[in-house]
1. Any residue at all in the range 131-142 that's at pLDDT below 90, over 24 Å from residue 213 (Cβ atoms), touching a helix residue (DSSP H, G or I) at 6+ places or on another chain (Cβ under 9 Å) and surrounded by 13 or more Cβ atoms within 10 Å (Cβ to Cβ)?
2. Out of all the residues in the range 164-186, which are out of contact with any helix residue (DSSP H, G or I) (no Cβ under 8 Å at 6 or more places or on another chain), in contact (Cβ under 8 Å) with a residue 24 or more places away in the chain and exposed (fewer than 15 other Cβ atoms within 10 Å of the Cβ)?
3. Filter the range 211-230 for residues that are assigned to a helix (DSSP H, G or I) and out of contact with any helix residue (DSSP H, G or I) (no Cβ under 7 Å at 6 or more places or on another chain) and give the result.
4. Hey, can you tell me all the residues within the range 23-52 that are over 25 Å from residue 228 (Cα atoms) and touching a helix residue (DSSP H, G or I) at 6+ places or on another chain (Cβ under 6 Å)?
5. In contact (Cβ under 8 Å) with a residue 60 or more places away in the chain and in a helix (DSSP H, G or I): is that true of residue 37 in this structure?
6. In the range 187-210, which residue that is assigned to a loop (DSSP other than H, G, I, E, B) and in contact with a strand residue (DSSP E or B) (Cβ under 9 Å, 6 or more places away or on another chain) is surrounded by the most Cβ atoms within 10 Å (Cβ to Cβ)?
7. Report the residue count in the range 87-105 for those that are under 16 Å from residue 172 (Cβ atoms), modelled with pLDDT of 95 or more and assigned to a loop (DSSP other than H, G, I, E, B).
């Protein structure tokens with residue numbers, strides 16, 4: 001199964017690093033975070049990656065040209081100004097008519113990806129997202145009978161479950177993405193939510209994104225002290 005990793009954003013909230021490298025190349029425990037993400041997918045047998053490049057994509061290209069891994073990495077240029085939905089749309093020709101996975105290039109979790117996929121296939125909806133409970137500085141989704149009934153990304157007024165990435169998607173979902181300027185987290189997911197085609201796989205264990213230097217320091221500490229089993 002193909003796994004799309006969104007790795008083209010500017011990472012402006014981590015400008016102390018992203019002036020010279022893209023966010024997915026920021027190191028955690030001595031390795032770029034994107035490698036940790038791939039390692040987790042590969043552990044569950046998902047080894048065919050399509051990395052959507054944008055900002056400073058040449059740094060990612062150079063890294064994977066020099067390194068050898070036990071998985072297949074396809075580096076695809078999707079444009080520096082393309083939004084998250086647009087990047088997925090540009091990779092649609094590689095997806096063909098198969099179910100595929102998507103995640104962000106800056107978040108780690110110990111989610112059981114096989115259980116996520118099984119949940120998605122059992123419920124037969126267009127999209128399954130992984131719902132997590134992080135600090136209240138994030139927005140929220142509301143869930144009823146495993147269906148997402150309300151979706152609002154990063155709204156300060158909401159608390160509870162949020163979109164933690166680690167998606168499973170059906171090719172038909174791509175028609176909800178208009179073009180390069182489309183944010184995945186806005187119209188496409190909001191529309192499928194209204195159509196009762198957006199599922200939430202609740203993950204109550206470890207999840208951590210890397211939005212700030214403080215997040216990176218926390219991740220480093222977790223690896224250093226072996227606090228989480230991936």
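1. First pass over the range 131-142, keeping only residues at pLDDT below 90: 133-142.
With over 24 Å from residue 213 (Cβ atoms) added as a condition, the list becomes 140-142.
Cutting the leftovers down to touching a helix residue (DSSP H, G or I) at 6+ places or on another chain (Cβ under 9 Å) gives us 141.
Narrowing the set further to residues that are surrounded by 13 or more Cβ atoms within 10 Å (Cβ to Cβ) leaves 141.
Within the range 131-142, one or more residues are at pLDDT below 90, over 24 Å from residue 213 (Cβ atoms), touching a helix residue (DSSP H, G or I) at 6+ places or on another chain (Cβ under 9 Å) and surrounded by 13 or more Cβ atoms within 10 Å (Cβ to Cβ).
2. 172, the sole residue that qualifies.
3. 214, 215, 216, 217, 218, 219, 220, 221, 222, 223, 224 - these are the residues of the range 211-230 that are assigned to a helix (DSSP H, G or I) and out of contact with any helix residue (DSSP H, G or I) (no Cβ under 7 Å at 6 or more places or on another chain).
4. Residues satisfying the conditions are 50, 52.
5. yes
6. Here the residue is 210.
7. Count: 3.
Yes or no, residue by residue, for (1) under 30 Å from residue 171 (Cβ atoms); (2) surrounded by fewer than 20 Cβ atoms within 10 Å (Cβ to Cβ); (3) modelled with pLDDT of 95 or more:
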position: 21; (1), (2), (3): no, yes, yes
position: 32; (1), (2), (3): yes, no, yes
position: 39; (1), (2), (3): yes, yes, yes
position: 44; (1), (2), (3): yes, yes, yes
position: 52; (1), (2), (3): yes, no, yes
position: 62; (1), (2), (3): no, yes, yes
position: 79; (1), (2), (3): yes, yes, yes
position: 85; (1), (2), (3): yes, no, yes
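The values are calculated or read from the model by the stated rules, or taken from the named source; none is laboratory data. On a predicted model such as this, the values are computed, not experimentally measured, just so you know. FYI the Cβ positions are ideal-geometry reconstructions off the backbone, even for glycines, and counts take in every protein chain you see.
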